[in-house]
Every structure is written in structure tokens, then in C-alpha cells.
Amino acid sequence: MYISPMRVLGIETSCDDTAVALYDGASGALAQLRESQADLHNQYGGVVPELAARDHIRALLPLIDRLLNDAKNGAGKNARPDAIAYTAGPGLAGALLVGASLGDGLARAWNVPALGVHHMEGHLLAPLLEFELAKKPPPRAPMLALLVSGGHTMLVDVEKIGDYRILGRTLDDAAGEAFDKTAKLLGLGYPGGPAVSAAARDGRDGRFTFARPMAGHAGLDFSFSGLKTQVRTAAERAGNLDRQTVADIALAFEQAAVDSLVIKCRRALQQSGRRRLAVSGGVAANRRLREELQQVAGELGVEVFAPRPELCTDNGAMIAYAGHMRLSMPKSRESKKMEVRPRWSLEEI
């Protein structure tokens with residue numbers, strides 16, 4: 001068993017971002033690098049799994065070499081990590097295998113522990129990492145967490161770190177996936193989240209109005225496929241998708257998607273009695289979502305916190321930090337063998 005690693009190398013290759021980071025558990029210092037595949041997949045309007053895996057192979061080792069060299073030069077000492085954490089799932093099988101294989105191989109070569117961590121636990125812990133980097137005591141569980149990204153949308157009750165219960169999840173598309181598909185329908189490119197939000201800034205309020213899926217249902221589940229259909233219908237009826245029409249549809253979509261998330265967060269806070277809500281995942285970088293959740297926080301007298309935008313997207317820092325947290329827990333052990341789990345529930349950790 002390996003307790004309290006000082007410096008953890010995090011490797012993230014679950015989808016289309018190749019990301020690495022060094023997190024120093026003793027000082028709280030962080031160094032990270034990330035290479036996006038957005039240009040590679042843009043022509044397809046979404047991620048092509050085989051291309052993603054191949055590009056991870058090309059990019060990963062040079063990124064790690066650069067990260068360790070930068071850390072060594074900056075610290076004036078050997079930057080070799082004391083442990084390695086890699087994303088074991090969920091995600092694209094081929095992409096996961098690239099990071100896991102290299103992480104396991106480097107751990108054996110360096111004779112350090114390796115640990116496969118859960119991608120969504122990395123997202124869940126990213127808001128806590130934000131406080132660590134600011135040299136402030138991180139918020140303590142119990143709390144609620146909204147994890148909202150291209151592949152997942154869920155509300156999680158966090159009794160303590162490592163003890164998770166999913167209260168609600170999407171029944172179809174994830175919120176980030178809906179942003180990507182809407183961007184493709186409107187000809188805005190990939191990734192869709194930033195593109196839709198940028199277009200929405202020029203939108204005229206009220207020209208289009210979309211229903212808020214599942215808002216009238218008593219539970220905490222989400223649905224975004226119907227919202228995507230509403231966008232397609234509006235675009236077809238508009239006919240000529242000039243710049244202003246695209247902006248108007250983008251605004252209506254963003255308003256409906258964000259409202260759907262906020263309605264369920266408000267309900268979860270009221271039903272659970274939790275006083276803290278952590279928000280993370282790529283969509284958590286959305287300005288409208290952050291503002292509306294802060295309004296809810298003020299109305300209910302609760303705390304809402306989210307990491308800086310670069311820690312919302314898939315990144316190596318959250319994986320390094322999750323690995324540090326896991327290896328520091330009593331009874332936590334390094335991975336005995338390299339494995340990946342493309343489908344892996346957060347409740348199964």
C-alpha cells in the first residue's frame with residue numbers, strides 16, 4: 001500500500017484530449033499540458049474513436065517528456081513522479097488503452113505505484129482541486145455534485161469522498177453532446193459548447209422558445225434529445241440560416257439547456273437538504289450556467305463552487321489529483337494489473 005504520494009503524474013486519454021499533469025501533494029503545486037484534437041475531429045462534427053486513439057499515441061509520450069523536463073528545469077531537481085494515475089474509464093476503449101498502457105509501463109520502469117482512476121471522479125474532485133491550488137481548505141462532504149460534460153450528465157450525492165450515490169442522470173443525450181449536435185446543425189463547428197455560447201451572445205431573446213425537457217417530472221433525471229429535435233425543427237422552419245437566425249436559435253437552445261440543469265439542481269438541493277453544490281465537467285465552464293446557479297445559491301442560502309474553466313474540460317490535473325486522493329486513503333491500493341473499463345458507473349468505485 002502506498003500512502004500520501006508526494007508527486008503524482010496524471011494521464012487523461014478518455015476521449016479527444018491528450019492531457020498530462022504533475023500534482024505535488026506536499027506543496028499543492030501543479031503543472032499541466034494538454035493537446036486538443038478539436039481540429040482533427042471538426043470535419044466530422046464529432047469524435048471519431050479510431051482517430052482519437054491514434055492521435056493519443058502520437059501525442060502522449062512527447063507531452064509527458066515535455067512536462068517532466070519543464071518541471072525539472074523549474075524545480076532544479078529530478079521531476080520523476082512518486083506515483084502514476086491514469087484514466088481507466090469510462091470513455092472510448094481505444095483511447096483509454098493508450099493512456100493506461102503507457103501509465104502502467106512507466107510505473108513498472110520507474111518502480112512506482114500506478115492507479116487507474118474513474119474519469120467522473122476526477123471531474124467531481126476538480127472543484128476541490130481549485131481550492132487546493134488557491135491554498136484554501138477545500139469544501140468538505142457531504143455535498144451534491146453536478147457532473148455535466150459531453151459524455152455524462154448526472155446529479156450525485158457525495159456522502160464522503162469515495163461514497164457516491166447517483167440521484168439523477170440523463171435518459172438519452174448528455175448536455176455537452178446536445179451542445180455539440182446543436183452546433184453541428186447550425187454549422188458552428190466542433191467543439192459545440194464554446195461555439196454555441198459565442199453565437200448565443202448575439203441572439204435576440206424571445207424569437208425562439210424551446211421547452212425545458214423533464215422540468216415537469218418530479219424526479220431528478222435529465223433529457224436532452226427532445227431539445228435537439230426542437231433545434232432541428234426550428235432550423236428547418238427558418239429556412240435561411242443567416243447569422244442572426246443562427247444566433248437566435250443558439251440563444252434559445254442555451255437558455256433551455258441551462259434552465260433544465262438549474263431546475264434539477266434546485267430541486268436536488270431542496271430535497272436533499274445539502275448545503276453545498278460542486279459543479280464540474282466541460283459544460284460547467286458555461287457562463288450562463290454559472291450565473292444562474294449562483295442565483296439559486298443566493299435564494300436557497302447554499303454554496304455553489306466550480307473550478308476554473310481549464311479544470312472543467314478533460315484534463316490531466318483532475319486525474320493526478322484524484323490519484324493522489326485515492327492513494328492517500330486508508331486501505332487504498334495501487335492497481336495490480338492494467339485494465340480499462342469503457343463503461344463504469346461512479347457508484348461502482
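The values are calculated or read from the model by the stated rules, or taken from the named source; none is laboratory data. Just so you know, these numbers come straight off a predicted model, no measurement behind them. Cβ placement follows ideal geometry from the backbone for every residue including glycine, while neighbour counts extend to all protein chains displayed. Ligands, DNA and RNA are excluded from the accessible area calculation, which covers all protein heavy atoms including side chains. Shrake-Rupley method; radii C 1.70, N 1.55, O 1.52, S 1.80 Å.
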A careful count of residues in segment 275-295 that are buried (at least 19 other Cβ atoms within 10 Å of the Cβ) and either of a type in the set (Lys, Arg) or in contact with a helix residue (DSSP H, G or I) (Cβ under 7 Å, 6 or more places away or on another chain) (or both) gives 13
The condition of being more than 30 Å from Asp82 (Cβ to Cβ) and modelled with pLDDT of 95 or more holds, among Ala285, Ala320, only for Ala285
Original post:
Mind checking whether some residue in segment 39-60 is open to solvent by less than 10 Å² (accessible area, probe 1.4 Å) and touching a Lys or Arg at 6+ places or on another chain (Cβ under 9 Å)?
Top reply: no
Of those in segment 198-246 that are surrounded by fewer than 22 Cβ atoms within 10 Å (Cβ to Cβ) and in contact with a strand residue (DSSP E or B) (Cβ under 7 Å, 6 or more places away or on another chain), the residue farthest from Asp39 (Cα to Cα) is Gly219
The condition from (1) touching an Asp or Glu at 6+ places or on another chain (Cβ under 8 Å); (2) more than 28 Å from Leu40 (Cα to Cα); (3) open to solvent by less than 40 Å² (accessible area, probe 1.4 Å) that Ala256 misses is numbered (1)
All-but-one check, Ile319 against (1) closer than 24 Å to Leu61 by Cβ; (2) out of contact with any Ser or Thr (no Cβ under 7 Å at 6 or more places or on another chain), failing number (2)
Residue hits (segment 300-314; within 13 Å of Val279 (Cβ to Cβ) and part of a helix (DSSP H, G or I)) are Pro309, Leu311
From the option list Ala218, Ala199, single residue qualifying as more than 17 Å from the chain's Cα centre (by Cα) and more than 22 Å from Ala252 (Cα to Cα) is Ala218
- Return yes or no: is Arg66 open to solvent by 70 Å² or more (accessible area, probe 1.4 Å), at pLDDT 95 or above and over 24 Å from Leu129 (Cα atoms)? no
*asked:* Considering only segment 262-273, I want to know if a residue exists there that is open to solvent by less than 10 Å² (accessible area, probe 1.4 Å), basic (Lys, Arg), in contact (Cβ under 8 Å) with a residue 12 or more places away in the chain and on the phi < 0 side of the Ramachandran plot.
replied: yes
When segment 171-197 is checked residue by residue, the ones that are farther than 23 Å from Leu155 by Cα and open to solvent by 40 Å² or more (accessible area, probe 1.4 Å) are Lys184, Leu185, Gly187, Leu188, Pro191
Checked segment 132-151 for anything at pLDDT below 95 and either out of contact with any Lys or Arg (no Cβ under 7 Å at 6 or more places or on another chain) or of a type in the set (Lys, Arg) (or both); matches are Glu132, Leu133, Ala134, Lys135, Lys136, Pro137, Pro138, Arg140, Ser149, Gly150, Gly151
> Restricting attention to segment 136-156, does a residue exist that is open to solvent by 10 Å² or more (accessible area, probe 1.4 Å), out of contact with any His (no Cβ under 9 Å at 6 or more places or on another chain), more than 16 Å from Ile263 (Cα to Cα) and not in a loop (DSSP other than H, G, I, E, B)?
Replying inline: no
